[in-house]
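Visitor: I have a structure here, written as structure tokens, and I will follow up with some questions on it.
Derivation of every value follows stated rules applied to the coordinates shown; laboratory data play no part. These numbers come from a predicted model, not from an experiment. Cβ placement follows ideal geometry from the backbone for every residue including glycine, while neighbour counts extend to all protein chains displayed.
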Amino acid sequence: MEERVLLVDDDPIVLDFLSVGLEMEGFNVITADSVSRAIIEVQKTQPSIILSDYQLHDGTAFDLLAWLKIRDFRLPVIVLTGQVRIDLAVEAIKNGAEQFIPKPVDLTLLTTMLHRALDNFRNLQKTVTNKLERARYERDPFLGVSPAIRELKKAAKRVAEANSTVLIQGETGTGKGVLARALHKMGSRSNEPFVDLNCAGLSRELLESELFGHTKGAFTGAVANKIGFLEAANHGTLFLDEIGDMDLQIQGKILKVVEEKHFYRLGDVLERKADMQIIVATHRDLKKLADEELFRSDLYFRINTLRLRIPPLRERREDIPIITDKLVEQLALDMKRGPIVVSDNARTALLNYPWPGNIRELRNVLERAVLLSDDGVIHNTGLEFEGPTHQPASPAPALNHLTLKEIEKHFIVQAMQAEGGNIIRAAKRLGIHRSSLYTKIREYGL
């Protein structure tokens, strides 16, 4: 990504020399010859870093630093000066300058310092963004061998390359947040911040403040300027989980961000750029919500261009043993336990359970089983499920020896047995429409 440097100096010779040199080093250089012009350029171009002479004809670099601080513009600033004074250097650092460098400066050294200042600033930004996040395992959203998960992986690779707004759909617990992180790492913004916000359960006022930020005095209780999630995710990725629960008024503002790539803090008139990829997720049917006017149809059509659906566990049962082994390995390591083995009867029980809570529920069940395992083996008696298990009348066949059609037939029979032959409930259990189930019943002669 090309870095924009705002170069501020009232000496035209210095401006020309440094501009040419920095552009040859790959920087995009914007110039200004005064404090007032620099302020205009900051608002207009939003540079990545500022390189300013200390003494300018209408003020000093300290005036620019003070303005940036008041407006809460968080940018690294390097100050150049012909006055080699310790007190000035100390004051520059106190005022927020990244470096205070005497003139004349070697171009190679200056380039190194610019890159270092940008790296330090980005690392600080990432630390601030992620400091409240719980440590979590790096999870693979594509773990498994099922056709459904292989297709999801193939589609995700294509979507990640597009750098456009992405909609992730899936039931609760399927791993929508994990997939969003994977898309971020697969894309061109992988070295930039990943910021996620769950929209569920937040009031309109709180969600709006969290997203857009606010200025001091924007509303009662706004005692200081606040950076919003949009600003924190600049150049990176913003993940909005459960967007189906977002207030309609805020949906309109998000639509403008998606389409126009800019936004305003609450109580501010300064336009800020939104250079980021936006990924949204929901477990709800947005089309149905849009038809019922509970979700903006224009936003739905705008975010529905690139869509990924995560299949629930009941549609990819052949992946359950693989996911189980990976989770047990991670949990045993986390709990400082030795190797844990999953018995055959436990595997059968795990395979036959419908998993309404999907991978999140599977992890919870296994976490308790690992914790309570005394002999290093997880037995079916150590598994505690939230809902009815609906054990089949006959043992589950070894799925790895069956064709895809035989596996599908087996689970249709299993669902019909569990629901006492009720087509509607069996279709719901399988996650398909009842007309599709009728077709499959005729196809397999059931």
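Visitor: What fraction of the DSSP beta bridges in segment 147-311 is antiparallel, stated in percent and rounded to the nearest 5?
Guide: Numbers: 4 of 22 bridges.
Antiparallel bridges: around 20 percent, rounded to the nearest 5.
Visitor: Taking a ≥ b ≥ c as the square roots of the Cα gyration tensor eigenvalues, with a/c under 1.5 meaning rounded and otherwise prolate when a/b beats b/c, else oblate, which class fits the chain?
Guide: Cα axes put the chain in the prolate bin.
Visitor: Quick one: angle between helix 12-24 and the longest Cα principal axis of the chain, in degrees between 0 and 90, rounded to 10, please.
Guide: So the inclination is approximately 30 degrees.
Visitor: Here's a follow-up. Chymotrypsin sites (Phe, Trp or Tyr not before Pro), restricted to segment 210-244: which are DSSP loop and have at most 16 other Cβ atoms within 10 Å? Intermediate values should be presented prior to the final figure.
Guide: Values: sites: Phe212, Phe219, Phe229, Phe239; in loops: Phe219.
Taking segment 210-244 and a limit of 16 other Cβ atoms within 10 Å, the loop chymotrypsin sites (Phe, Trp or Tyr not before Pro) found are Phe219.
Visitor: To the nearest 0.05, how large is the calculated FRET efficiency for Arg434 and Asn123 if R₀ is 60 Å and r is the Cβ-Cβ distance?
Guide: On the way: r = 54 Å, r/R0 = 0.90.
Given R0 = 60 Å and the Cβ-Cβ separation, E is 0.65.
Visitor: Net charge around Leu294, counting only other residues with Cβ within less than 12 Å of its Cβ (Lys, Arg = +1; Asp, Glu = -1)?
Guide: Numbers: positive: Arg284, Lys287, Lys288, Arg296; negative: Asp245, Asp247, Asp285, Asp291, Glu292, Glu293.
Combined, the nearby Lys, Arg, Asp and Glu give -2.
Visitor: Right, next: Tilt of helix 358-372 relative to the longest C-alpha principal axis of the chain, in degrees (0 to 90, nearest 10)?
Guide: 80 degrees
Visitor: Run the quick spin-label model on Phe17 and Asp275: label points 7 Å from Cα toward the beta carbon, then report their separation in nm to one decimal.
Guide: 2.9 nm
Visitor: Further, regarding this structure: Please report, in debye to the nearest 20, how large the charge dipole of the chain is about its Cα centre when each Lys and Arg carries +1 at its beta carbon and each Asp and Glu carries -1 there. Can you show the working numbers first?
Guide: Numbers: 59 positive and 62 negative charges, 359 e Å.
Roughly 1720 debye, rounded to the nearest 20.
Visitor: Just for the chain, what percent of DSSP beta bridges are antiparallel, to the closest 5? Walk me through the numbers before you get to the answer.
Guide: Working: 6 of 43 bridges.
Beta bridges within the chain, antiparallel portion: roughly 15 percent.
Visitor: Could you please report the charge total around Glu41, scoring K, R as +1 and D, E as -1 over all other residues with beta-carbon less than 11 angstrom from its beta-carbon?
Guide: On the way: positive: Arg4, Arg37, Lys44; negative: Asp33.
The answer is +2.
Visitor: Quick one: which of Lys157/Lys256; Lys253/Lys326; Lys157/Lys428; Lys154/Lys287; Lys216/Lys253; Lys69/Lys157 span more than 32 angstrom between C-alpha atoms?
Guide: Over 32 Å apart, Cα to Cα: Lys253/Lys326; Lys69/Lys157.
Visitor: If you don't mind, another one. Of Phe17, Leu351, Leu266, which is farthest towards the positive pole of the chain's charge dipole, taken about the Cα centre with +1 and -1 on the beta-carbons of Lys, Arg and Asp, Glu respectively?
Guide: My answer, from the dipole projection, is Leu351.
Visitor: Return one quarter of the surface area of the convex hull spanned by the alpha-carbon atoms of segment 399-443, equal to its mean projected area, in nm².
Guide: The Cα convex hull of segment 399-443, projected and averaged over all directions, gives 3.0 nm².
Visitor: Give me Val29, Val5 sorted ascending by neighbouring Cβ count inside 10 Å, so fewest comes first.
Guide: Val29, Val5
Visitor: Å³ per residue of the Cα convex hull, for segment 183-277?
Guide: Numbers: hull volume 9.1 nm³, N = 95.
Enclosed volume per residue, from the Cα hull, is 96 Å³.
Visitor: Using Cα pairs closer than 8 Å and at least 6 residues apart in sequence, work out the relative contact order for segment 148-284, in percent.
Guide: 32 percent
Visitor: Which is the longest stretch in the chain that no exposed loop site breaks, taking sites as trypsin sites (Lys or Arg not before Pro) with a DSSP loop state and at most 13 other Cβ atoms within 10 Å? Spell out each step's value before the answer.
Guide: On the way: sites that count: Arg85, Lys131, Arg134, Arg136, Lys216, Lys261, Lys336.
Maximal segment without exposed cleavage sites: 337-446.
Visitor: Now for a separate question. State the extension gain, in nm to one decimal, for the chain segment bounded by His235 and Asn191, taking 0.36 nm per residue of separation less the distance between their alpha-carbons.
Guide: Working: separation 44, 0.36 × 44 = 15.84 nm, distance 0.94 nm.
Length gained between His235 and Asn191: 14.9 nm.
Visitor: Run a plain Debye calculation on segment 147-311 (Cα atoms as equal point scatterers, no solvent) and give log10 I(q)/I(0) at q = 0.14 Å⁻¹, rounded to two decimals, same order as the q list.
Guide: Summing over Cα pairs of segment 147-311 leads to -0.70.
Visitor: Once both labels are modelled 7 Å past Cα along the beta-carbon direction, what's the Gln249-Gln417 spacing in nm?
Guide: That separation, rounded to one decimal, is 5.6 nm.
Visitor: Which shape class applies to segment 4-130: rounded if a/c is under 1.5, otherwise prolate when a/b exceeds b/c and oblate if not, where a ≥ b ≥ c are the square roots of the Cα gyration tensor eigenvalues?
Guide: Numbers: a/c = 1.25, a/b = 1.13, b/c = 1.10.
In terms of gyration-tensor shape, rounded.
Visitor: Still on this structure, I have one more. How large is the dipole of segment 183-290 about the Cα centre if only Lys and Arg carry +1 and Asp and Glu carry -1, each at its Cβ, rounded to the nearest 20 debye? Intermediate results must be reported in sequence, preceding the final value.
Guide: On the way: 14 positive and 16 negative charges, 27 e Å.
The dipole magnitude comes to about 140 debye.
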